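Everything on this sheet refers to the single structure shown next.
The values are calculated or read from the model by the stated rules, or taken from the named source; none is laboratory data. Predicted, not measured: the structure shown is a model, and the values here were computed from it.
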Amino acid sequence: MQKTWQTTLDSSTAILVPTRSLATSLHENLARQRVALGQRVWEAPNILVWSDYLKQLWRFNRRQLSRQSGAITLISPQQSALIWTQVIEASRREERSLTLLNVQQTAKAVQRSWRLMHDWLIAPQTLSLDHVADTTQFLAWIED
């Protein structure tokens, strides 16, 4: 590793790496280097895998857009998860064929799907064209 580029890294720097293990290794190497230089505190760079970087960009752009357009979030992610859990639990009691091992994980997945559907402006009618049991169940939960 060259010291020239490593010494200029700070919290505003983003380094994209292909694997989480490489990100961890790079963090450790940078920490060792800073300790060897006698530093006790330093600004760590953002070392991310591509998917995490895209998620951060998406969140940042979403916040910027909401500031510009005045859009607000009506419920918190925790409230949303609770509502989805209740909807899934209710449908599970009504349908004997619906066997879910982990309602909490399912609720998180449904919550993410709901958000993606809205972020990409996908109408429920478009999803109904997909003839998969999971999609059919998701659409039923949306209706509930």
Original post:
Got a sec? Which of Leu9, Leu98, Leu26, Leu48 is more than 19 Å from the chain's Cα centre (by Cα) and modelled with pLDDT of 85 or more?
Top reply: Leu26
Subject >> Selected residue (criterion: farthest from Ile142 (Cα to Cα)) from residues of the range 60-92 that are at pLDDT below 75 and either of a type in the set (Phe, Trp, Tyr) or not in a helix (DSSP H, G or I) (or both) >> reply: Gly70
